[in-house]
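For reference, the structure discussed in these notes is given below.
The values are calculated or read from the model by the stated rules, or taken from the named source; none is laboratory data. Computed from a predicted structure; not experimentally measured. FYI the Cβ positions are ideal-geometry reconstructions off the backbone, even for glycines, and counts take in every protein chain you see. We work out accessible area using only protein heavy atoms, side chains counted, and drop any ligands, DNA or RNA first. Shrake-Rupley method; radii C 1.70, N 1.55, O 1.52, S 1.80 Å.
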Amino acid sequence: MSKILYYLGFILTLTFLGILGYLDFKVPKYQGNIDLNSISSEVHVYYDDFGVPHIEGENTKDVFRALGFVTASDRLFQMDLLRRIVSGRLSEIFGDATIEADILLRTLKIKETGRKQFQLHKEKFPKELIDQMQAYLDGVHEYIEKKPLPIEFDLLGYKPEKFTMEDMASISGYMGLTFAEGLIGDVVLSELKEKLPKAKLDILRSGAKTDINYFPSKKVVHMNFLDQIDKGLKQIENVFPLFHGSNSWVLSGSRTESGFPILGNDPHIAVSNPHIFFEAHIKTPDIEVYGNYIPLIPFPIMGHTPYSAWGITMAEVDDMTIYEEKINPENEEQVMFKGEWVKVEKELTEIVVKDSDSIILELRSTPHGPLLNKTKHSVEGKTLALSWSLYLDENKSIQSLYELPYAKTVDEFRVATSHATAPALNISWVNNTGDIAWWVLGRFPKLPEGVPYDLVLNGWSGEHEIEGFYEHQENPHEVNPESGVIITANYKPQQEEFKHFEGYWQPGGRYFRIQELLEQNRLWSLQSLKSVQLDSFIPIYTQLKEQMISLIDTKDLNQLEKQSLEILNKWNGESLKDSIASSIYHHLLYFVQVNIFKDELGTELYERFGKTAEVWHSMKELLFLPNHSFWDDVNTDRVENAKNIINKSFKQAVIKLSVSKGARAKNWAWGEFHHVTYEHPLGKVKPLNLLFNIGPIQANGGRYTINNIGHKRSSANFKVVHAPATRRLIDMQKPREAIGIIPTGNSGNFLSPHYSDQTVPYHNGEYRVQTMDWGKIRKSKQLILR
C-alpha cells in the first residue's frame, strides 16, 4: 500500500511540475536575449512596471520588426481574432456559435474591400509605409515560428497562419462597422414609418434638437435586417470589442497652466479581455512615438510624440445609405437602376464551420452595393442594398495612420487626415508650438435636397441617388478657435457652416457637460483635468427631476416608495457605485422608456429601436410634451398622459429593486447593479472564466456621463457593456510625462503579470505616467533582440 501511495504521489508531483513547466513556457519573456533572423541590428526593448515596451534601435525596419515581435508575444491570439473578424472566418475556430457573424462580415465584403483597395494603392503608398508594414509582419511571423503560442491556440487546436498587409488594410472596415448605427437605424425607422402616424414618427426622428430643452443657454444646432444583424454584431462583440462612443477635447496654451496645449481623450469601447489597445513606445532614427495600437496595425490609432499628440472619437456622420431594390419579376438576376434593368453581380463564398458542414453563401451586389438579404437586414418582402463610404476606391486609411505621427504642423495634420474615406472619425490634435485642431476623417455622401438620410431610400427611380461626396476640406473641422477649446463627444458639429451634415448623433449631455466643466476654470493642468474625465454627474439630471419626479403622486405611494422618492429628491445627480439614488433613477428611466414605446412599437421593433441613440433623444423630447399621444398605452381603454405613465413606472422601479436586492433601500447601491466583467472569448465557457476573466468589479459612471462606463440602452440589466478603453492626458510642455491608464493590462496572456495590473487603479480613478524619459526607461528590465 505504501508503495502505491509513493508512486501515486510521485506521478502527481511529476504531473504538477509538468503543468507548471508548461505554463511557465507560455509566459511572455520580458528580459534576456533573443536571436532573430529578421533583425539586422540590435534592438533594445525596455519593459516598464506595467509591461509597456519601449523599443529603441538604430534601424527603423528593425524597430518595427521588434514591435511586431513583442506585440505578438502579448497579443497574438487577439491579432488572429481580428484577422478572422475582417475575413469572416470566426466559425473555423468557434463553430456554429459565430455563423451569423461570418455571414454578416462576408456579406459586407470587409476583407474583399480591404484587399482591393490595398492592391489598388500599393505602388502609390510611400515606400517607408510598405517597408514598416512588412517589417512588422516579419517580427510577428518570427514569433509564431520560434516561440510558444498562447494557450488559447492549444485549447482551440489550431496554429495561426501568416498575416498579410491586406489583413492590416482591412481593419478600417471593422472600425467602420462598429460605428454603423445607421445600419440598424435606417431600417428600423423605415419600418416604423409604415406603422406609426407622422406625429409619432417625427418624435422618433427628433435627434439632437431635443437637447435645446435641456441646454437652453448653449448653442444647439437643430436637425430635422434586423434580427440577424443583431445576432451578427453580438457574436462579433463576444470575441472582439466594438466601438461605442468617445470623449476628446483640446485646450490651447491660453487655457492651460503650462501655457502649452493639452489633449484629453477617452474612447469608449466594448469591455473585453484583452482590451483593444496595446501600448508601446518606439524610437527610431526617423520617428519617436508613444502609441495606443490595435494589434496587427503597426501604426498607432492614438498617440503622442515629442512634438504632437492626437486622439479619436466616433464622428457619427452618416456614411451609410440603404436602398430598397426592385427585383425584375421575370428575371431575379436583375434589379432596376435609374429606370433600367441591370444585372445583379453574384459570387459564392465558403464559410468553414468547425465540427460541422461548411456553408456555401451566395453574395449578391447591385450598383448601390451588397444585398443584405442573407443577413436578414431586409424586412420581409423587401430587398435592401448598402452603399457605404468604406467601398470607395480611394480609401487609404492605413496611410492616414502612418502619417499622423509625422504631422508637426496644422497643414501636415490636415493632409494626414485626408486619405481615408472610412471609418468616420473625429481626430483631435495639438502640437508643441501652440496649435490645436480638429478634423473629421472620412467621405460623406451628398443626397438630393429633401431626401432623408435616416430612412431607406428608393433604389430604382434614380431620384434618391448620391450626387457626390464632400471633399476633405469640406468636412467639419476647426483650427485654433478664439475660445481655445475644441470638444468632440460623438455630437453634432456646432459650427453653423457644418449644420448640413447629418448623422446618428449621440446625446449632447457629455458634450455640454465637458463644456460646462471647462468653463469653470480659466487655466487647466493634467491633474485638474482628471476630474473632468472621471466626472460621473448625469448632465440632464436637474431637468429630469423637474420634468419627471414632480409628476409622481405622493398620496398614492407606500412607505418604501415614499422613502425611495425622498432619496431621489436629495440626490445630487452623481452616478457613483455607492449611490442608492442612482439605482432608483436608472430603474425609473428604464420603465418610463418601456412604457412609452413598447406598446406602439411591439417587442421586436422596440428592442431594435432601443439599440439606437434615437430612443433616448425621443424620450427626452416627450418629457416636455406630457400630453403627447405616445404617452397613451394603446393596450388600455383609457387615455394615459405623462403623469399616469411616470407614476406607473416609479412603482415598477421600486418593485424591481425590491425583487433584485431586497426591500431595504440601503441594499440598492448602484454598484450592485452596475458592475463590469472583462470577459475573454474563451472565458464565456465555464470553468475557463476562472482563468481568463477579470471581475466582476463595481463601477462608477453610467451610459450618459462623461465617465462613460455604460450599460445597454434598453435593458433592465445594468451590467457594464462599454467603458473608456484608455484615459489619456497630454500636456505639450512635457509630452514625455503624459499620463494615462487602460482597464485591464497591456498583455493578453493570462499568465503574464501585466494581464490585469491596471484594473484596480483604473476603477479607482488613478493614472500612471506614460513615460518617454529614456533616462528612466533604460533602468527597466531589458529584452535584447539581435
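Using a Förster radius of 35 Å, what is the FRET efficiency between Asn331 and Glu471 based on their Cβ-Cβ separation? Nearest 0.05, please. Present the calculation step by step, with values, prior to reporting the outcome.
Details: r = 39 Å, r/R0 = 1.12.
Here the calculated transfer efficiency is 0.35.
Under a Cβ-only charge scheme (Lys and Arg +1, Asp and Glu -1), can you give me the dipole magnitude of the stretch 523-672 about the Cα centre, in debye to the nearest 20? Walk me through the numbers on the way to the answer.
Working: 18 positive and 19 negative charges, 121 e Å.
The dipole of the stretch 523-672 has a size of about 580 debye.
Counting only helical runs of four or more DSSP H residues, what would the 222 nm mean residue ellipticity of the chain come to if each run contributes -39,500 (n - 2.57) and the total is spread over all its residues?
On the way: 25 runs with 281 residues, N = 786.
Result for the chain, helices only: -11000 deg cm²/dmol.
Regarding the stretch 249-377, what's the average projected area of the Cα-atom convex hull, expressed in nm²?
Numbers: hull surface 61.1 nm².
Computing the convex hull of the Cα atoms and averaging its projections yields 15.3 nm².
To the nearest 20 debye, what charge dipole does the chain have about its Cα centre, counting +1 at the Cβ of each Lys and Arg and -1 at the Cβ of each Asp and Glu?
Working: 86 positive and 101 negative charges, 470 e Å.
Once rounded to the nearest 20, the dipole reads 2260 debye.
So, taking all protein chains as they sit and a 1.4 Å probe, how much accessible area belongs to Val654, in Å² rounded to tens?
Its accessible surface works out to 10 Å², give or take rounding.
With a 1.4 Å probe and all protein chains kept in place, how do Asp578, Asp211 rank by accessible area, largest first? All intermediate terms of the calculation are to be shown ahead of the outcome.
Working: Asp578 115, Asp211 0 Å².
So, going from the largest accessible area down, we get Asp578, Asp211.
Which percent of Cα pairs goes in each bin when the distances of the stretch 658-782 are cut into 5 angstrom slices starting at zero?
Computed distribution, short to long bins: 2, 9, 14, 18, 18, 14, 10, 7, 4, 2, 1, 0.
Using +1 at the Cβ of each Lys and Arg and -1 at the Cβ of each Asp and Glu in the chain, identify which of Leu441, Ile85, Leu457 lies farthest towards the dipole's positive end.
Ile85
Simple spin-label model, 7 Å along Cα-to-Cβ: Ser461 to Glu482 in nm?
4.6
Counting other Cβ atoms within 10 Å, keep those with at most 13, restrict to DSSP loop, and tell me which trypsin sites (Lys or Arg not before Pro) in the stretch 301-345 are left.
On the way: sites: Lys326, Lys338, Lys343; in loops: Lys326, Lys338.
Those satisfying the criteria are Lys338.
When only the heavy atoms of the protein chains count and the probe is 1.4 Å, how do Ser38, Ser536 rank by accessible area, highest first?
Details: Ser38 30, Ser536 5 Å².
Result of the area sort, largest leading: Ser38, Ser536.
May I ask for the net charge around Leu137, where only other residues with Cβ less than 13 Å from the Cβ of Leu137 are counted and Lys, Arg are +1 while Asp, Glu are -1? Mind showing how you got there, number by number?
Working: positive: Lys61, Arg65, Arg83, Lys162; negative: Asp131, Asp138, Glu142, Glu145, Glu161, Glu166, Asp167.
Summing Lys/Arg as +1 and Asp/Glu as -1 gives -3.
Compute the length gained on full extension between Gln134 and Asp35: take 0.36 nm times their separation in residues and subtract their Cα-Cα distance, giving the result in nm to one decimal. Don't jump to the answer; show the numbers that get you there.
Numbers: separation 99, 0.36 × 99 = 35.64 nm, distance 1.90 nm.
Once the chain is fully extended between Gln134 and Asp35, it gains 33.7 nm.
Protein chains only, probe 1.4 Å: how do Asp357, Asp773, Asp80 rank by accessible area, largest first? Let's see the in-between values first.
Details: Asp357 125, Asp773 50, Asp80 0 Å².
Greatest to least solvent exposure: Asp357, Asp773, Asp80.
Once you have the Kirkwood Rh of the stretch 452-544 from its Cα pairs, apply Stokes-Einstein at 10 °C and 1.306 mPa s and quote D in µm²/s.
Details: Rh = 16.6 Å.
The Stokes-Einstein estimate is 95 µm²/s.
Quick one: grab Rg to one decimal and Dmax as a whole number for the stretch 316-415, Cα atoms only, in Å.
Cα only, the stretch 316-415: 19.1, 60 Å (Rg, Dmax).
In the stretch 467-540, which trypsin sites (Lys or Arg not before Pro) are in a loop and have at most 16 other Cβ atoms within 10 Å, using DSSP for the loop call? Provide the component values of the computation, followed by the final result.
Details: sites: Lys499, Arg510, Arg513, Arg522, Lys530; in loops: Lys499, Arg522.
Counting only loop positions with at most 16 other Cβ atoms within 10 Å, the trypsin sites (Lys or Arg not before Pro) in the stretch 467-540 are Lys499, Arg522.
Nothing charged except the Cβ atoms of Lys and Arg (+1) and of Asp and Glu (-1): what's the magnitude of the dipole of the stretch 69-192 about its Cα centre? Round to the nearest 20 debye.
On the way: 16 positive and 21 negative charges, 82 e Å.
That gives the stretch 69-192 a dipole magnitude of about 400 debye.
Leaving ligands, DNA and RNA out of it, work out the accessible area of Lys159 with a 1.4 Å probe and give it in Å² to the nearest 10.
The value for Lys159 is about 130 Å².
Tell me the Rg and the Dmax, in Å, that the Cα atoms of the chain produce.
26.7, 91
Quote the FRET efficiency, to the nearest 0.05, computed for Arg778 versus Leu523 with a Förster distance R0 of 30 Å and r equal to the Cβ-Cβ distance.
Details: r = 34 Å, r/R0 = 1.15.
Once rounded, the FRET efficiency stands at 0.30.
Using the Kirkwood radius over Cα pairs, work out the Stokes-Einstein diffusion coefficient for the stretch 27-69 at 10 °C and 1.306 mPa s, in µm²/s as a whole number. Provide the component values of the computation, followed by the final result.
On the way: Rh = 10.9 Å.
After rounding, the answer is 146 µm²/s.
Consider just the alpha-carbon atoms of the stretch 709-776 and return their Rg together with their Dmax, both in angstrom.
According to the Cα coordinates of the stretch 709-776, Rg and Dmax are 15.1, 51 Å.
According to a simple spin-label model (label point 7 Å from Cα along Cα-to-Cβ), what is the distance in nm between Asn717 and Leu155?
Taking the two extended label points, one gets 2.0 nm.
List, in order, the whole-Hz ³J(HN,Hα) value for each residue of the stretch 138-152 obtained from phi through the Karplus relation with A = 6.51, B = -1.76, C = 1.60 and θ = phi - 60°; use x for Gly and Pro.
For the stretch 138-152, the Karplus-derived couplings read 4, x, 4, 5, 5, 5, 4, 6, 10, 10, x, 6, x, 4, 4 Hz, x marking Gly and Pro.
Can you compute the modelled spin-label distance between Glu566 and Asp96, with each label point 7 Å from Cα toward Cβ, in nm?
Those two pseudo-labels are separated by 5.7 nm.
Can you give the extra length, in nm with one decimal, that the chain gains between Val659 and Leu625 once fully stretched, where that is 0.36 nm per residue apart less the Cα-Cα distance? Could the numbers behind the result be given before it?
Numbers: separation 34, 0.36 × 34 = 12.24 nm, distance 3.20 nm.
The span from Val659 to Leu625 would gain 9.0 nm if fully extended.
Sorted from largest to smallest, which semi-axis lengths in Å does the alpha carbon gyration tensor of the stretch 82-206 give for its equivalent ellipsoid, taking the root of 5 times each eigenvalue? Walk me through the intermediate numbers first.
Numbers: eigenvalues 291, 92, 23 Å².
Result for the stretch 82-206: semi-axes of 38, 21, 11 Å.
With every protein chain left in place and a probe of 1.4 Å, what is the accessible surface of Val342, to the nearest 10 Å²?
40
Taking a ≥ b ≥ c as the square roots of the Cα gyration tensor eigenvalues, with a/c under 1.5 meaning rounded and otherwise prolate when a/b beats b/c, else oblate, which class fits the stretch 590-708? Walk me through the numbers before you get to the answer.
Details: a/c = 2.29, a/b = 1.83, b/c = 1.26.
Prolate is the answer for the stretch 590-708, as a/c is 1.5 or above and a/b outweighs b/c.
Specify which residue in the list Gln334, Asn480, Gln117 is farthest towards the positive end of the charge dipole of the chain, using unit charges on the beta carbon of Lys, Arg (+1) and Asp, Glu (-1), about the Cα centre.
Looking along the dipole axis, the top candidate is Asn480.
Picking from Trp631, Leu601, Phe650, whose Cα lies most toward the positive end of the charge dipole for the stretch 590-659 (charges on Cβ: Lys, Arg +1; Asp, Glu -1)?
Phe650
Once the cut-off is 13 Å, how many percent of the Cα-Cα pairs in the stretch 303-356 end up in the long-distance tail? Provide the component values of the computation, followed by the final result.
Working: 1115 of 1431 pairs.
Roughly 78 percent, rounded to a whole number.
Give me the Å³ per residue figure for the convex hull around the C-alpha atoms of the stretch 357-466.
On the way: hull volume 18.1 nm³, N = 110.
Expressed per residue, the convex hull around the Cα atoms of the stretch 357-466 is 164 Å³.
Before anything else, pin down the relative contact order of the stretch 376-497: Cα pairs under 8 Å, at least 6 apart, normalised by residue count, whole percent.
20
What whole-number value in cubic angstrom gives the convex hull volume per residue for the C-alpha atoms of the stretch 534-639?
On the way: hull volume 13.7 nm³, N = 106.
Here the figure is 130 Å³ per residue.
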